[in-house]
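So the structure is just underneath, and the comments pick up after that.
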Amino acid sequence: MIEGLHEGNKTIDESKQGEATLLDSTKGGNKKLYLESYGCQMNFSDSEVVASILSKEGYETVSQSSEADVVLLNTCSIRDNAEQRVRTRLKQFKNAKKERPNLVVGVLGCMAERLKKKLLDQEKLVDLVAGPDAYRDLPGLISEVEGGQKAVNVLLSREETYADISPVRLDKNGVTAFISIMRGCDNMCSFCVVPFTRGRERSRDPQSIVQEAKELHDNGYREVTLLGQNVDSYRWNMSSKGRIKDESKPTVNFAELLEMVAQVAPDLRIRFSTSHPKDMTDDVLHAMAKYDNICKYIHLPVQSGNTEMLKKMNRGYSREWYLNRIEAIHRIIPDCAISTDIITGFCGETDEQHNDTISLMKEVKYDFAYMFRYSERPRTVAERKFEDDVPDEIKKARLQEVIQLQQQHSAESNKRQLGKTFEVLIEGVSKKSDADLCGRNTHNTMIVFPKGDHKKGQYVKVKVNDCTSATLLGEVVEEEKVLTTA
Ligand code: SAM
Ligand code: SF4
């Protein structure tokens, strides 16, 4: 809930940023890869694609960079501080190269796409730069570096979805997994660098998504999160490889895709992120209401509570439209948790406009929020057309006010759960005590409870009897029950 934490889902927290992961399925390879991921869930999901591509070349992933032949950082450009963290890390690897000159260091993802050859030529920090659509080329790029060259591929594609690549699951819990359903973004919010770093929006073949969900379920996974920058604009058309060209051909939209995945297995939970208020249809809400195994949780970033600011941000909705979507959620899914993203101090934001964000928060009472102070990003419309004129102290003070209010709302939301019983999918041992297990309820809230004889991957009914600001505490009252679809 703090500025700079990952957007979109509570499961990735600061402790996981820049995380390296062991890769069992590639054990036995003779080359060693160290992979660190920063930023959004999409990047963590992409790292699994990268691990898969390189495992075929004999790369075993290691958890210590000191053991690696190749170090790859999958980076984020969303705010300046995200990039600064990566630069600091790259300087450490540059130093390491003095003692290990054969070490290959590469940058992947959004920073690679944004800075391109600058990272090689001006900053001389790395050997290899690969943008988000160039991962199939990684084996060739690494060979070029091994042959004494610097290597770059930052070509963006209109078609690449990596649909045929079976990601190597890097998150070791073996219960929850990400599935990317689309790539890129066409929305051009004026503050956002994503359309420049991840290219045009394209959807992935629904059959490959369903197949991936089936395989995960067969391998013991019990929850999938469908990922995209704006899942509500998911649209597959047989004539177009994911970009709509011929409207007369049958299409699959997000509501239909949700139903297809929900039908894979009644005990496979479905989550998704991120929804865009301008595109979220009642059909999606009805699909959520229809299936018990679609989790009742929506991340609906508002950014600002003031219509004029929203217009300047090019978000495509007004305060009233947004509140109408919140009303629709409550009407169609009465017990649905809602979270959001908020930016403070966007160009020209006045005290009154900021107060509109505060009043909207009081009206909606989010269960959870990711809150950021505005960070100007190169090439965006905001950078080119508006002045970043809200002083940093004011951005920070507004952010502080927003964080404090959200903490109050989150605490109230948690207190409302006391005495209730939830179905929890066990994800593993609690971080704080080996004697406890943890897992999330349908609302995406973490619940911690005594271990007993229960195991990872099981569903249990947990009665909540206490809470902290971010976690519910309880005890198991009933054994596993298989969820039922509609
Ligand atoms: N696609 C999602 C959407 O439209 O809601 C969000 C994707 S973005 C990776 C996650 C969040 O980062 C945004 O919702 C926004 O709150 C925040 N963000 C994006 N650009 C930002 C900027 N320039 N400064 C501060 N926060 C920013
Ligand atoms: Fe960025 Fe807007 Fe696209 Fe989200 S919808 S990724 S905020 S441009």
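The values are calculated or read from the model by the stated rules, or taken from the named source; none is laboratory data. Bear in mind that the values here come from a model prediction, so they are computed numbers and not experimental data. Virtual Cβ from ideal backbone geometry, glycine too; neighbours counted across all protein chains shown. Just so you know, the surface numbers come from the protein's heavy atoms only, side chains and all, with ligands and any DNA or RNA stripped out. Shrake-Rupley method; radii C 1.70, N 1.55, O 1.52, S 1.80 Å.
List of remarks:
- Candidate set from region 440-455 (those that are surrounded by fewer than 17 Cβ atoms within 10 Å (Cβ to Cβ) and either in contact (Cβ under 8 Å) with a residue 12 or more places away in the chain or farther than 25 Å from Asn219 by Cβ (or both)); member that is farthest from the chain's Cα centre (by Cα): Gly452
- Some residue of region 86-94 being open to solvent by 10 Å² or more (accessible area, probe 1.4 Å) and either under 18 Å from the mean Cα position of the chain (by Cα) or closer than 24 Å to Tyr162 by Cβ (or both): no
- Taking the criterion of being surrounded by 22 or more Cβ atoms within 10 Å (Cβ to Cβ), more than 9 Å from ligand 1 (Cβ to nearest atom) and in a loop (DSSP other than H, G, I, E, B), the residues of region 175-198 that qualify are Ile181, Gly184.
- When region 199-210 is filtered for residues that are out of contact with any strand residue (DSSP E or B) (no Cβ under 8 Å at 6 or more places or on another chain) and either open to solvent by less than 10 Å² (accessible area, probe 1.4 Å) or closer than 30 Å to Tyr34 by Cβ (or both), only Ser208 remains.
- When region 231-268 is filtered for residues that are open to solvent by less than 10 Å² (accessible area, probe 1.4 Å), out of contact with any helix residue (DSSP H, G or I) (no Cβ under 6 Å at 6 or more places or on another chain) and modelled with pLDDT of 95 or more, only Ala262 remains.
- Flag for Phe191 being in contact (Cβ under 8 Å) with a residue 12 or more places away in the chain, within 16 Å of ligand 2 (Cβ to nearest atom) and not acidic (Asp, Glu): yes
- Residue within region 415-426 that is touching a Ser or Thr at 6+ places or on another chain (Cβ under 6 Å) and among the hydrophobic types (A, V, I, L, M, F, W, C) present: no
- Taken together, the residues in region 355-364 that are open to solvent by less than 10 Å² (accessible area, probe 1.4 Å) and touching a strand residue (DSSP E or B) at 6+ places or on another chain (Cβ under 8 Å) amount to 2.
- Among residues of region 72-93 that are over 18 Å from Asp127 (Cβ atoms), those with a Cβ under 8 angstrom from a residue that is within 14 Å of ligand 1 (Cβ to nearest atom) and basic (Lys, Arg), sequence gap 6+ or separate chain, pair up as Ser77/Arg114; Ser77/Arg377; Ile78/Arg377; Arg79/Arg377; Asp80/Arg377.
- Test: residue in region 296-319 that is of a type outside the set (S, T, N, Q), in a helix (DSSP H, G or I), open to solvent by less than 10 Å² (accessible area, probe 1.4 Å) and more than 18 Å from Phe346 (Cβ to Cβ): no
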